[in-house]
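Report on the structure given below.
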Amino acid sequence: MNSIELKSRAKINLSIDVLGKREDGYHLVEMIMQTIDLYDIIKIKELESKEVIVKSNSSDIPLNENNIVYKAAELIRSNYNIKKGIEIFIEKNIPVAAGMAGGSSNAAAVLVGLNKLWGLNLSENQLQELGFKLGADVPFCIAGKAALAKGVGEELTYIKGLPKDISILICKPELFVSTKDVYEGLDLNNIKYRPNNEYLISCLENNDVESLAKNMVNVLETVTSKMHEEIKEIEKVMNESNALGAMMSGSGPTVFGLYNKKEDALRGKEELLKKYKQVYVVNSSEEGVEINGQLN
């Protein structure tokens, strides 16, 4: 097998709480993440040469050693002393710099893909440990599903996710949000509303999406929405089209709404497309990285 193709899925946050800051600058979080069925396609093929080449249909990502997929490939090559070269093609569908773990998901796909391509037989746990060296979201992106994440995001407890029949409307405004600036703008001693993650998990277990949607909290939204009014404007459009609830994902600027009825989500999409280009209606997914239609 000299080439492999994978799906690399995005995530949304159903909650984010920030509990403190470590001495190394990383923030301690407690958040609920959910994989969704919006994905990039990652194609990996072996090369005669020994280099790592990154290509993409998107001009919004670096195609050199600054891309996390390049780092993922080098991590596997150096750890397992592999001299083969590869070309990685990223077909981008997940919005870039959006708070949806697009880059982390791509890195996860490269780890899973090279594990298969080179017959390394690493377990999911071993891949997740490797992934954590690349970024806190990578371990989650490998397995997908829904999880409560603690620590800096790497301590995962898998939970029941959103029901399949819930429609998720996604809108990414044409804004750039610096995750670093958002975290630095958060006053840890002055957070008024925090998510009750235990309650949200019980809502998921009971398929009570209405209560979940009304009680979702992302503490970072207070910072990002002050910088960018569009976040509240998008939420307003979603709520007016009968969303059960709408919230920002990650550090932004992507906003998502949860809907009982797909036609309501499609109505919201139509409205948002008048002003924004990157608008999608998707469902939740029980999968993370998928190999050629098979799970890793």
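The values are calculated or read from the model by the stated rules, or taken from the named source; none is laboratory data. This one's a predicted model, so the numbers in the text were calculated from it and none came from an experiment. FYI the Cβ positions are ideal-geometry reconstructions off the backbone, even for glycines, and counts take in every protein chain you see.
Quick notes
Residues checked against (1) in contact with an Asp or Glu (Cβ under 9 Å, 6 or more places away or on another chain); (2) surrounded by fewer than 17 Cβ atoms within 10 Å (Cβ to Cβ); (3) under 18 Å from L122 (Cβ atoms):
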| residue | (1), (2), (3) |
| --- | --- |
| K50 | no, yes, no |
| N57 | yes, yes, no |
| L63 | no, yes, no |
| Y70 | no, no, no |
| E74 | yes, yes, yes |
| R77 | no, no, yes |
| I88 | no, no, no |
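- Of the residues making up segment 245-270, those that are surrounded by fewer than 24 Cβ atoms within 10 Å (Cβ to Cβ) and more than 19 Å from R194 (Cα to Cα) number 9.
- Among the numbered conditions (1) under 25 Å from L6 (Cα atoms); (2) assigned to a loop (DSSP other than H, G, I, E, B), the only one that I168 does not meet is (2).
- Any hit, segment 29-43, residues being surrounded by fewer than 17 Cβ atoms within 10 Å (Cβ to Cβ), more than 23 Å from L148 (Cβ to Cβ), among the charged types (D, E, K, R) and touching a strand residue (DSSP E or B) at 6+ places or on another chain (Cβ under 8 Å): yes
- Those helices (runs of 4 or more DSSP H) of segment 216-296 in which at least 2 residues are free of Cβ contacts under 8 Å to residues at least 12 places away in the same chain and either outside the structural domain of M100 (by TED's automatic domain parsing) or closer than 25 Å to L188 by Cα (or both), considering only elements entirely within it, cover 230-240, 262-272.
- Subset of segment 88-123 (residues that are within 14 Å of V289 (Cβ to Cβ) and among the charged types (D, E, K, R)): K116
- The set of residues in segment 113-135 that are of a type in the set (F, W, Y) and either part of a helix (DSSP H, G or I) or crowded, with 21+ Cβ neighbours inside 10 Å (or both) contains only F132.
- Residue in segment 207-215 that is modelled with pLDDT under 95, in a loop (DSSP other than H, G, I, E, B), not polar (S, T, N, Q) and not assigned by TED's automatic domain parsing to the domain that holds Y26 present: no
- Scope segment 136-161; condition under 21 Å from L38 (Cβ atoms) and surrounded by fewer than 21 Cβ atoms within 10 Å (Cβ to Cβ); matching residues: A136, K145, L156, Y158, I159, K160
- Which numbered condition P173 fails, given (1) surrounded by 21 or more Cβ atoms within 10 Å (Cβ to Cβ); (2) within 17 Å of V29 (Cβ to Cβ): (2)
- Among strands (runs of 3 or more DSSP E) entirely within segment 17-110, having at least 1 residues that are under 25 Å from I166 (Cα atoms) and at pLDDT 95 or above singles out 27-47.
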